[in-house]
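Heads up: the structure comes next, in structure tokens.
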Amino acid sequence: MTESEADLLALLRGLDDPEWLEWPRDYNRSETAVLLGRLVARLEGDFAARCLAEQDTQDSSEYGRVVVPTEATVCGTRIVVCVSKFGSLALVCADNPGAFLGTEEARAEGELDAADLARVNRALVDLGYLVVPEELLERDYDGPVRLPSHVQRPSWWHRFFGIF
């Protein structure tokens, strides 16, 4: 595990409060919606395409998603950005969460262009999001929250982007 992975895991553990499952104590739905709107506008400008957005996901620690369409990407694979209700966490993936074991695998298979990924990551960082790699989120969850029984192998993704 690299130092940055250890730092990210420490951050995830710090956000993990068993009293607040679906969203953190200081969650502000309006601020989260405004920030997602800014992300959509930024990605639409950066990719010169209309990006679809889902927001205010019910019974989930994920707030919403933004999809950069296939026709706007170099490789012809859509890019999905998932935004958590916790700590402005964001996940970037090619096609859908779980379609690849992270962006490195998607790039290696020719499904994600490095410049497209950099453009999305830059937009997220500029707006104050913290990008967490899917590879890290797929690690086994070892925190204090009892995740739903339908989750067979709980991961950090289930904790901060999953359905309750």
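Some observations on this one:
- Of the residues making up the stretch 93-120, those that are free of Cβ contacts under 8 Å to residues at least 40 places away in the same chain, surrounded by 15 or more Cβ atoms within 10 Å (Cβ to Cβ) and in contact with a helix residue (DSSP H, G or I) (Cβ under 7 Å, 6 or more places away or on another chain) are ALA94, PHE100, GLY102, THR103, ARG107, LEU112, LEU117.
- Of the residues making up the stretch 63-79, those that are open to solvent by less than 10 Å² (accessible area, probe 1.4 Å) and closer than 17 Å to HIS158 by Cα number 2.
- Taken over the stretch 123-132, the residue count meeting the criterion of being in a helix (DSSP H, G or I) and touching a residue at least 60 places away in the same chain (Cβ under 8 Å) is 3.
- Restricting the stretch 6-36 to residues that are free of Cβ contacts under 8 Å to residues at least 12 places away in the same chain and either part of a strand (DSSP E or B) or small (Gly, Ala, Ser) (or both), the residue that is surrounded by the fewest Cβ atoms within 10 Å (Cβ to Cβ): SER30
- Looking only at the stretch 121-147, and only at residues there that are over 27 Å from GLU44 (Cα atoms) and exposed (fewer than 13 other Cβ atoms within 10 Å of the Cβ), the one that is modelled with the lowest pLDDT: ARG146
- Hits in the stretch 64-87 (condition: touching a Ser or Thr at 6+ places or on another chain (Cβ under 8 Å), within 18 Å of GLU111 (Cα to Cα) and part of a strand (DSSP E or B)): ILE79
- Every listed requirement among (1) at pLDDT below 95; (2) in a loop (DSSP other than H, G, I, E, B) is met by LEU112 save one, (1).
The values are calculated or read from the model by the stated rules, or taken from the named source; none is laboratory data. Since we're looking at a predicted model, the values are computed, not measured. Heads up, the Cβs are rebuilt from the backbone with ideal geometry, glycines too, and the neighbour counts pull from every protein chain shown. Please note that ligands, DNA and RNA were not included when accessible areas were found on the heavy atoms of the full protein model with its side chains. Shrake-Rupley method; radii C 1.70, N 1.55, O 1.52, S 1.80 Å.
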